[in-house]
Amino acid sequence: MSLALGCDEAALDLKNLLKAHLEAKGLVVKDFGVHTSAPAMYPDIALEVSLEIAAGHFDRGILLCGTGLGMAITANKVFGIRAATCHDTYSAERARKSNDAQILTMGARVVGSELAKTIVDAWLASEFQGGGSTAKVERIKQIEKKHLRGDQ
Ligand code: RB5
């Protein structure tokens, strides 16, 4: 599985820690930054990673900021992207099984590093379950087609 990773300055340490965690598991990880603690424009990082996922260049993405919220809000503006903010393992599992979320977002000011690793592991270990969730995700896609406008 290939993964794209991005963060703003609030989550730099968490990003570096998770990158090492993922690489130790043998996963292919591309780090889209940031790489310093200088104030960053988190929407630009979220956009870059989301476009890569939407283009099929990576299987999944992880976006980190102070709360995980700005990253998710931005990522969900990109056509085809389903990003979920998860700060517990149950949500992380359901984000894959029910919502087929290709992007996980977390807040470095919300979760500790050990919990963050566990959440990532739960999310990576889960796949979309189909079944009753298929029609619901398809409905999300229809809504996206109708209501998400603008140049992508
Ligand atoms: C800091 O810029 C903070 O606003 C950001 O990391 C994030 O929490 C936004 O959602």
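Here, each number is a calculation from the coordinates, and none is a lab measurement. Since the structure is predicted, the reported quantities are computational estimates derived from the model, not experimental observations. As a convention, Cβ positions derive from the backbone with ideal geometry for all residues, glycine included, and neighbour counts pool all protein chains shown.
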* **Burial ordering of Ile119, Ile62, fewest other beta-carbon atoms within 10 Å first** => Ile119, Ile62
* To do: Could you calculate the contour length gain from Ile73 to Leu47, that is, 0.36 nm times the residue separation minus the distance between their Cα atoms, to one decimal place in nm?
  => 8.3 nm
* For the chain, built as a Gaussian network whose Cα springs stay under 10 Å, the top-fluctuating residue of Ala11, Ala24, Ala116 -> Ala24
* Sequence of Ile103, Ile73, Ile53 once ranked by neighbouring C-beta atoms within 10 Å, starting from the fewest -> Ile73, Ile53, Ile103
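Can you list, largest first and rounded to whole Å, the semi-axes you get for segment 4-55 by taking the square root of 5 times each eigenvalue of its Cα gyration tensor?
With the √(5λ) rule applied to segment 4-55, the semi-axes are 18, 16, 6 Å.
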* To do: Report the FRET efficiency, 1/(1 + (r/R0)^6), for Glu127 and Asp13, where r is their Cβ-Cβ distance and R0 is 35 Å, rounded to 0.05.
  => 0.75
* Can you give the translational diffusion coefficient of the chain in µm²/s, computed by Stokes-Einstein from the Kirkwood radius over Cα pairs at 25 °C and 0.890 mPa s? -> 161 µm²/s
* To do: Would you work out the charge dipole size for the chain about its Cα centre, treating the Cβ of every Lys and Arg as +1 and the Cβ of every Asp and Glu as -1, and quote it to the nearest 20 debye?
  => 560 debye
* To do: Jot down the radius of gyration and Dmax of segment 74-152, Cα atoms only, both in angstrom.
  => 13.6, 40
